[in-house]
Amino acid sequence: MSPQPAWVVAFRWIAFLPAAVLGAWVLWILVTLLSRWSLGWVGVESGSFVDQVFQATTAHAILGLAFVVIGAKVAPGHRRAVVYVLAGIAVLGCGWLLFPAVITRNGWAIVGAIFTALGACGALYSVQHDEGFRRDFFANDPELGVASFDRGDDL
């Protein structure tokens, strides 16, 4: 793999956090639209309890997972540290958003924030413990590379 120009590396470091936010938001919208469409096919009405449970759990967990994974994939290096930082930002952000949800007694927002944090932690866990996922995730990382996995080195 040839080294990237310095301006590309700088741009990727600048863009990794906005890309994580935008990518996770777009994916959340797609999951929401697809779930409303697919749940509608089986007779679940939009806004019903089942729809709310799905949105507050699955869509928000995917939001947290996508935030961590997309941001780490855009970052040009130090992906392991970036995964930790993004998961920390997601968990702290969810904790910060829990305060107004608790004050207004919005139960669905509370569940959504908890599952977003769980999705971010799930991404962190997957990167740390799933060998196949780590091999694919860190394959192009210049500081780790595929050779470290071939030797059996642990991250």
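Condition test on Phe49, is it modelled with pLDDT of 95 or more and either of a type outside the set (Lys, Arg) or on the phi < 0 side of the Ramachandran plot (or both)?
no
Tell me which residues, restricted to segment 1-28, are surrounded by fewer than 12 Cβ atoms within 10 Å (Cβ to Cβ), free of Cβ contacts under 8 Å to residues at least 24 places away in the same chain and either in a loop (DSSP other than H, G, I, E, B) or under 23 Å from the mean Cα position of the chain (by Cα) (or both).
Ser2, Pro5, Ile14, Pro18
Would you confirm whether or not segment 78-87 contains a residue that is in contact with a Gly (Cβ under 8 Å, 6 or more places away or on another chain), within 20 Å of Phe115 (Cα to Cα) and part of a helix (DSSP H, G or I)?
There is at least one residue in segment 78-87 that is in contact with a Gly (Cβ under 8 Å, 6 or more places away or on another chain), within 20 Å of Phe115 (Cα to Cα) and part of a helix (DSSP H, G or I).
Restricting to helices (runs of 4 or more DSSP H) lying wholly in segment 96-155: which have 3 or more residues that are modelled with pLDDT under 60 and within 25 Å of Pro3 (Cα to Cα)?
147-150
Which of the residues spanning segment 75-117 are among the β-branched types (Val, Ile, Thr) and either surrounded by 20 or more Cβ atoms within 10 Å (Cβ to Cβ) or touching a strand residue (DSSP E or B) at 6+ places or on another chain (Cβ under 7 Å) (or both)?
Val82, Val83, Thr116
May I ask you to list the residues in segment 1-14 that are among the small types (Gly, Ala, Ser) and farther than 14 Å from Gly77 by Cβ?
The answer is Ser2, and nothing else.
Only one residue in Phe54, Phe67 is in contact (Cβ under 8 Å) with a residue 24 or more places away in the chain, of a type in the set (Phe, Trp, Tyr), touching a helix residue (DSSP H, G or I) at 6+ places or on another chain (Cβ under 7 Å) and surrounded by 17 or more Cβ atoms within 10 Å (Cβ to Cβ). Which one?
Phe67
The values are calculated or read from the model by the stated rules, or taken from the named source; none is laboratory data. Computed from a predicted structure; not experimentally measured. Positions of Cβ are backbone-derived with ideal geometry, glycine not excepted, and every protein chain shown enters the neighbour counts.
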